[in-house]
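Student: Structure in structure tokens, see below.
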Amino acid sequence: MPTPSMEDYIEQIYLLIENKGYARVSDIAEALSVHPSSVTKMVQKLDRSEYLIYEKYRGLVLTSKGKKIGKRLVYRHELLEQFLKMIGVEDENIYNDVEGIEHHLSWDAIDRIGDLVQYFEENPKRLDELKAVQKNVEE
């Protein structure tokens, strides 16, 4: 399994390729707010771990292994954002909260959160009841 830092890079590379069709070292550095030299080191490490293929000055391509984990990491991030929004976390806190917890949850926990999100989507009355309880507690 990739480290949390590797996950951040794979997720970002996956998103860049999905949105732009490619991911350059400079794009990754900008997106993650890190130095290009740090990106180069990590990309080389991801290449050795077979998550991507990197050719100096030519760019990089995710392997099937990299695409699979990238897609799952993006799903995890989006699911956690959706869940936090659903339970009433303030919008300005959601991104940082997700970044703070996403690497510390097991895939089992992510799957259970997915089940809960699906339950609330299929039973909006239950979500309204939860929000009513929250409102009463806050008052």
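Student: Among residues belonging to the range 77-88 that are surrounded by 15 or more Cβ atoms within 10 Å (Cβ to Cβ) and over 18 Å from N19 (Cβ atoms), point out the one that is modelled with the lowest pLDDT.
Tutor: Top of the filtered list is M86.
Student: Inspect the range 42-52 for any residue being free of Cβ contacts under 8 Å to residues at least 40 places away in the same chain and under 18 Å from N96 (Cβ atoms) and give the result as yes or no.
Tutor: The answer is no, given that none of the residues of the range 42-52 is free of Cβ contacts under 8 Å to residues at least 40 places away in the same chain and under 18 Å from N96 (Cβ atoms).
Student: If you check E18, E30, E50, which single one turns out to be open to solvent by 40 Å² or more (accessible area, probe 1.4 Å) and either assigned to a loop (DSSP other than H, G, I, E, B) or touching a Ser or Thr at 6+ places or on another chain (Cβ under 9 Å) (or both)?
Tutor: Every option except E50 fails the conditions.
Student: Further question on the same structure: Checking the condition open to solvent by less than 60 Å² (accessible area, probe 1.4 Å), free of Cβ contacts under 8 Å to residues at least 24 places away in the same chain and assigned to a helix (DSSP H, G or I), which residue from V98, V74, V117 passes?
Tutor: V98
Student: While we're looking at this one, here's another question. Tally up the residues in the range 1-15 that are crowded, with 17+ Cβ neighbours inside 10 Å and assigned to a loop (DSSP other than H, G, I, E, B), please.
Tutor: Going through the range 1-15 one residue at a time, the tally reaches 1.
Student: Select from the range 80-94 the residues that are without any contact (Cβ under 8 Å) to a residue 40 or more places away in the chain, closer than 21 Å to E129 by Cα and aliphatic (A, V, I, L, M) and list them in ascending order.
Tutor: Across the range 80-94, the qualifying residues are L80, L84, V89.
The values are calculated or read from the model by the stated rules, or taken from the named source; none is laboratory data. Keep in mind that this is a model prediction, so the values were computed, not measured. We place every Cβ from the backbone using ideal geometry, glycine too, and count neighbours over all the protein chains shown. Quick note on the areas: whole protein, heavy atoms, side chains included, nothing else; ligands and nucleic acids left out. Shrake-Rupley method; radii C 1.70, N 1.55, O 1.52, S 1.80 Å.
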